[in-house]
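Please treat every number below as a calculation from the coordinates, not as lab data. Quick caveat: nothing in here was measured; it's all calculated off a predicted structure. Positions of Cβ are backbone-derived with ideal geometry, glycine not excepted, and every protein chain shown enters the neighbour counts.
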Amino acid sequence: GVRPEEIEVQRVKVENTKIALADSKKNLVDVIQDALTKSDDAVRGKIDKFFTESYPGTYVLDFEITDSQLKSLVVSGRAEIENALDAWQNEILQLTVTSDLNTFVVSAEQKLGDTKKFLSNTALAVNALTSNSTISQATVDGYKADVPTARTNVNTAITNLSSADEELKDAESSLKLEEQELILDEAGPTKGELDAQRAKVEEADASVTNNDAQYNKTVIRALFKGLVTLQEAKVGEIAKANEVLVSLISPSQFEIETFVP
């Protein structure tokens, strides 16, 4: 099984992954809030320079364009974006790291997508704008500079949101993996692993027994204690059958029995 020290290391990994997950959640919350800020600034800070709110919820362009269909899209889009931004602000008031962040991500993606589409239509309208008696070239140039900036900021918010969401998903996957590893470590070896290890031990025991038997065949042992009186064998020689190689004299006392006439 896994040693206690290794289990402790895995516990530390789990705790570190939890910290990383908490950081990812906080980062995602910040990114969603920043996405609203960028969208709000793009629409109300830059695009509204050439819109006039005739009365609440109704907007008109401060310049004329020949494409009536595009003008209608831009004007209606401005009103829709206003409602979307207001709803988004109310949603984010409930946003915390303990919230269902996926719901807020989906909502933010939708709001950013709508804002991006509105800015694209607005860019078409502004790019066709030329100076005239009612609007100076400096004003036109300012409009044309603000729209790309607004679009860039919203595109940045979209990219940041996607990255932060992916980072959170990776952190969640990592935590699940490390927790599963800890469960496996704490569970200890399975029956199959123990059986396999026992088989290895038995195999090793059999190998030791066999090696002992082979070694014992290379050793000449006396049947009793005594004094060696003959030792004809030399290392490397081949012993012949029934050949005397070693003789011993027992140190014990002998009793001789004989008949005397």
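Test of understanding: what is the full-extension gain from residue 139 to residue 196, defined as 0.36 nm times their sequence separation minus their Cα-Cα distance?
Stretched fully, the residue 139-residue 196 segment lengthens by 12.3 nm.
Taking Cα atoms of the chain, Rg/Rh with Kirkwood Rh, to two decimals?
1.68
More than 27 angstrom separation, counting every C-alpha pair in the stretch 104-253; what % is that?
For the stretch 104-253, the share of Cα pairs beyond 27 Å comes to 70 percent.
Could you tell me which of the pairs 26/117; 25/116; 26/46; 111/169; 191/217; 117/169 are separated by over 31 angstrom between their Cα atoms in the structure shown?
Check vs 31 Å cut-off fails for 191/217.
Relative contact order for the stretch 113-261 using alpha-carbon pairs under 8 Å, separation at least 6, rounded to a whole percent?
Computed over the stretch 113-261, the figure is 14 percent.
Say we join alpha carbon atoms closer than 10 Å with springs in a Gaussian network model of the chain; which of 62, 114, 40 then has the biggest fluctuation?
Between 62, 114, 40, it is 62 that shows the largest mean-square fluctuation.
Picking from 171, 122, 188, whose Cα lies most toward the positive end of the charge dipole for the stretch 104-210 (charges on Cβ: Lys, Arg +1; Asp, Glu -1)?
Value computed over the given set: 122.
Given a 10 angstrom Cα cut-off, can you work out which residue in 248, 101, 124 is the most mobile in a GNM of the chain?
The residue that fluctuates most here is 248.
Which longest uninterrupted range of the chain lacks any chymotrypsin sites (Phe, Trp or Tyr not before Pro) assigned by DSSP to a loop state (not H, G, I, E or B) and surrounded by at most 15 other Cβ atoms within 10 Å?
1-223
Aspartates and glutamates near residue 49 by alpha-carbon distance under 16 Å, same-chain residues fewer than 8 away left out - which ones?
Straight-distance partners of residue 49: 40, 41, 62, 64, 82, 141, 146.
If you average the C-alpha positions of the stretch 1-63 and of the stretch 121-178 separately, how far apart do those two centres end up, in angstrom?
15 Å
How big is the stretch 198-261 in terms of Cα radius of gyration and Dmax, in angstroms?
Considering the stretch 198-261 through its Cα atoms, Rg and Dmax are 20.3, 74 Å.
Which net charge results for the neighbourhood of residue 40, defined as the other residues with beta-carbon distances under 15 angstrom from its beta-carbon, given Lys and Arg at +1 and Asp and Glu at -1?
-1
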